[in-house]
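What follows is a set of notes on a single structure, which appears directly below.
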Amino acid sequence: MCSIQSVVPESYILPPERRPGQHVVPPCNTIPVIDLDGNRNELIQEIIKASQEYGFFQLRNHGVSEELMKDVLVVAKEFFDLPVEEKQRFYSEDPHNEGCRLKTSIDFVNEKVHFWRDSLRQNCHPLEEHIQQWPENPARYREVFGLYSVEVRNLGLRILDLICEGLGLETGYFEGGLSQGHMMSLNHYPPCSDPTLVLGLPKHGDPFTLTLLNQGDVPGLQVLKDEQWVAVDPLPNAFVVNINHMLQIISNGKLKSAYHRVVASNVARMTIVSFIRPSMDVLIEPAKSLVSESNPPLYKCFRFRDFSRTYITDTHEGKDPLEHLMIGS
Ligand SMILES: O=C(O)CCC(=O)C(=O)O
Ligand SMILES: [Fe+2]
């Protein structure tokens, strides 16, 4: 994308009703901050409560070192600062390209308005199957992201274990197909001369199982809570964790996959997002042990592959991607 431009290009300007505008969004002091070092039973209660009320929480004392949290942001910035010729071989506009892919906005060819974000997406698990496709330049790229991806995946699986216990599901429910993949997105939001006209990312819910976001120290993320946008301001060295659509369905609506968006700003912002994701072939449905006659299933059973196809088109058309999965729809 454009790096620094004095005028926002027409193709990035949203229609007035979709712009963030001048409206000042309050920082949210109520999104729970959870210490992973705490007592296990209390921790489980806190995670479940936060996931029910907000679908989001910030996690501290998570075990990933401060140095590694910072290093990935530095190396990611070094990648985006490389000359265009160096980055170009990763660039693809094909939304079905699942390899290590550099793109700008979301679906540049098909979308009506573009979003103020460049991203590099890479698969991370199993590491040895994917690392060879990752950039070799900057020189530390594979080493730093290799270490980080293993630690973040383990952390994600640990949180899923706590959620599993908190929901009362059988041990290991999220192991295997529901957490088979790990995809990382290095998001680069360039400085924008008029952030009121554009969005870094539009309102969306994450389609996978669980997200762990390292958002650095520049604000930009906002969550929809009770129909109001609230800012999730950066907390040093914390992960922002959020429940994804598949976890909402498996929990039969108990846990919430909250809508969120990213606003641009006049300084650059770099974030590293890790998605723990299901395999394409896995069947998703409300967990059998969570449904009963008095608590009937809210969602149909479907294959993740089929959902991923409709998610892209639904999101483009501004539709709720979960609507046609509801029983009775
Ligand atoms: O960069 C951020 O703050 C959030 C990114 C995000 O929501 C996503 O990649 O799905
Ligand atoms: Fe997201």
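The values are calculated or read from the model by the stated rules, or taken from the named source; none is laboratory data. The shown structure was predicted, so the numbers you read here are calculated from the model rather than taken from an experiment. Note: ideal-geometry Cβ built from the backbone for every residue, glycine included; neighbour counts use all protein chains shown. When the accessible area is computed, the model is the full protein with side chains, heavy atoms only, and any ligands, DNA or RNA have been set aside. Shrake-Rupley method; radii C 1.70, N 1.55, O 1.52, S 1.80 Å.
Given the structure, is Leu298 of a type in the set (A, V, I, L, M), in contact (Cβ under 8 Å) with a residue 40 or more places away in the chain and either open to solvent by less than 50 Å² (accessible area, probe 1.4 Å) or within 20 Å of Ile106 (Cα to Cα) (or both)?
no
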inquiry  = Regarding the range 228-244, can at least one residue be identified that is within 12 Å of ligand 2 (Cβ to nearest atom), at pLDDT below 95 and open to solvent by 10 Å² or more (accessible area, probe 1.4 Å)?
reply    = no
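Among the residues in the range 202-216, are any of a type in the set (D, E, K, R), open to solvent by less than 20 Å² (accessible area, probe 1.4 Å), closer than 24 Å to Ile106 by Cβ and in contact (Cβ under 8 Å) with a residue 12 or more places away in the chain?
The answer is yes, given that some residue of the range 202-216 is of a type in the set (D, E, K, R), open to solvent by less than 20 Å² (accessible area, probe 1.4 Å), closer than 24 Å to Ile106 by Cβ and in contact (Cβ under 8 Å) with a residue 12 or more places away in the chain.
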Screening Val64, Val109, Val74 for residues that are farther than 30 Å from Lys225 by Cα, within 20 Å of the chain's Cα centre (by Cα) and aliphatic (A, V, I, L, M) leaves only Val74
I'd like to know if the range 197-204 contains one or more residues that are in contact with a Pro (Cβ under 7 Å, 6 or more places away or on another chain), farther than 14 Å from Ala258 by Cα and assigned to a loop (DSSP other than H, G, I, E, B). yes
Going through (1) in a loop (DSSP other than H, G, I, E, B); (2) more than 11 Å from ligand 1 (Cβ to nearest atom); (3) in contact with a strand residue (DSSP E or B) (Cβ under 9 Å, 6 or more places away or on another chain) one by one, Gln248 fails only at (1)
* Asked: Can you find a residue in the range 264-276 that is more than 30 Å from Pro195 (Cα to Cα) and in contact (Cβ under 8 Å) with a residue 60 or more places away in the chain?
  -> yes
Looking at the range 108-129, can you tell me whether even one residue there is farther than 24 Å from Val8 by Cβ and among the polar types (S, T, N, Q)? yes
If we keep only residues of the range 167-185 that are surrounded by fewer than 23 Cβ atoms within 10 Å (Cβ to Cβ) and within 11 Å of ligand 1 (Cβ to nearest atom), then the residue nearest to Arg18 (Cα to Cα) is Ser185
Reported set for the range 216-248 where residues are among the β-branched types (Val, Ile, Thr) and in contact with a Leu (Cβ under 7 Å, 6 or more places away or on another chain) is Val232, Val240, Val241, Ile243
Within the range 132-157, restricting to residues that are in a helix (DSSP H, G or I) and free of Cβ contacts under 8 Å to residues at least 12 places away in the same chain, the one that is surrounded by the most Cβ atoms within 10 Å (Cβ to Cβ) is Arg142
Practice problem: Looking only at the range 258-265, decide whether some residue is β-branched (Val, Ile, Thr), away from ligand 2 (no atom under 11 Å from the Cβ) and surrounded by fewer than 22 Cβ atoms within 10 Å (Cβ to Cβ). | Solution: no
Among residues of the range 271-329 being under 28 Å from Gln222 (Cα atoms) and of a type in the set (S, T, N, Q), the residue modelled with the lowest pLDDT is Thr315
